[in-house]
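Okay, structure first, notes after.
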Amino acid sequence: MSVKLNRFLFLVILFAACGGLIPSYSIGKELPDPTEQLRPFVDKIVNVLTDASLQGEENCFVRREKVMEIVMERFDFFEMSKRVLGSQWRKLSTPEKQEFVDQFTTLLEHAYIGKIEDYSSQKVEFKDQRIKGQRAQVKTLLIDQEVTIPVSYIMILKGENWMVYDIIVEGVSLIRNYMDQFKEILRKDGYASLLKQLQDKVKELDSSTKPCPTDINTRES
C-alpha cells in the first residue's frame, strides 16, 4: 500500500460518513442526494478531532471511541466484508459471516481510524457525483496544504441512505487492496488460515503497548 494511501486513508474514512439507516425506500420517489448526505458529517467528525477537551494522548482512546461510534453508523462494514471475500462469502454460515465482519471491522479501526493524531486541518472539496441504480460514486479532493489527493466514495443505497462500502484514493481501492491479499491466502491456504491470520493481526494490534498506536504498519500479511 502506498505511503500516501497509508497517510490519508484514515482521514477519508472519517470524512465519508453518510447518514443513519432508515427502514424503507419508496420506489418512484426521487433518489436522495449522496453528496448532500456526506457533507453534514464532515463537521461532526472534525469537531471530535479538534475538540480541545479531547486533545492529548491521555484522551486518545476516548477520541477513537467517539469517532468509531459515528463511523459504525455510516459505513456498511457487512457489505465491505462481503466484497473483500468474494465467492468465499457465500460458503460461510451466518455466524461465520458475522465473525469475519467483526474481525475485519476491528482491523480497519486499528489500522486507520486509530491514527487520528494525523489530523491537521485537511480540507475536503466535493467535486461531482455519479448515480447508477442503487450505486453511487462521489468524487472529492482531500487538500493537505500543497498536496491534493483525489478521493472517491463508492456507495450503496440502503433504505433512503447512501452507505459507503469502498474508498478509492488516487485510483487505489481499499476493498480491492484487501481483496487481492485475501484472495491469495484463500487460494494457497484456505479460509481457516485467512481467518487465523486476521485474528492474529487484530490481537497484535490489540496488545500494542500504546493505547492508540499512530505508527502502525498497515499492510497485513
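Of all the listed residues (Val147, Val101), the sole one being aliphatic (A, V, I, L, M), surrounded by fewer than 13 Cβ atoms within 10 Å (Cβ to Cβ) and farther than 24 Å from Glu36 by Cβ is Val147. The C-beta contact set for the range 48-74 (first residue at positive phi and among the aromatic types (Phe, Trp, Tyr), second residue exposed (fewer than 13 other Cβ atoms within 10 Å of the Cβ) and at pLDDT 80 or above, distance under 8 angstrom, 6+ apart or interchain) is empty. Each residue in the range 168-206 was checked for being within 18 Å of Leu85 (Cβ to Cβ) and in a strand (DSSP E or B), and 1 pass.
Ile167 passes every criterion in (1) modelled with pLDDT under 95; (2) closer than 23 Å to Met68 by Cα; (3) in contact with a Lys or Arg (Cβ under 7 Å, 6 or more places away or on another chain) apart from (3).
For the range 28-56, filtering for residues that are farther than 21 Å from Thr106 by Cβ and either touching a Ser or Thr at 6+ places or on another chain (Cβ under 7 Å) or part of a helix (DSSP H, G or I) (or both) leaves 17.
Does the range 74-95 contain any residue that is at pLDDT below 85, surrounded by 19 or more Cβ atoms within 10 Å (Cβ to Cβ) and either in a helix (DSSP H, G or I) or within 13 Å of the chain's Cα centre (by Cα) (or both)?
yes
Taking residues in the range 175-186 that are free of Cβ contacts under 8 Å to residues at least 60 places away in the same chain and more than 23 Å from Ser152 (Cα to Cα), and partners anywhere that are surrounded by fewer than 18 Cβ atoms within 10 Å (Cβ to Cβ) and not β-branched (Val, Ile, Thr), the pairs with Cβ atoms closer than 7 Å and at least 6 places apart or on different chains are Ile185/Ser193; Ile185/Gln197. Tallying residues that are surrounded by 13 or more Cβ atoms within 10 Å (Cβ to Cβ) and over 17 Å from the mean Cα position of the chain (by Cα) within the range 51-73 yields 6. Does Gly133 satisfy the criteria of being under 22 Å from Asp180 (Cα atoms), surrounded by fewer than 16 Cβ atoms within 10 Å (Cβ to Cβ), among the small types (Gly, Ala, Ser) and out of contact with any helix residue (DSSP H, G or I) (no Cβ under 6 Å at 6 or more places or on another chain)? Spelling it out, it is not the case that Gly133 is under 22 Å from Asp180 (Cα atoms), surrounded by fewer than 16 Cβ atoms within 10 Å (Cβ to Cβ), among the small types (Gly, Ala, Ser) and out of contact with any helix residue (DSSP H, G or I) (no Cβ under 6 Å at 6 or more places or on another chain).
When you check Asn47 against the structure, is it among the polar types (S, T, N, Q), surrounded by fewer than 17 Cβ atoms within 10 Å (Cβ to Cβ) and more than 23 Å from Asn177 (Cα to Cα), yes or no? Spelling it out, Asn47 is indeed among the polar types (S, T, N, Q), surrounded by fewer than 17 Cβ atoms within 10 Å (Cβ to Cβ) and more than 23 Å from Asn177 (Cα to Cα).
The values are calculated or read from the model by the stated rules, or taken from the named source; none is laboratory data. Only a predicted model underlies this, so the values are computations on that prediction, with no experimental measurement involved. When we count neighbours, we look across all protein chains shown, and the Cβ atoms used for this are built from the backbone with ideal geometry, even at glycine.
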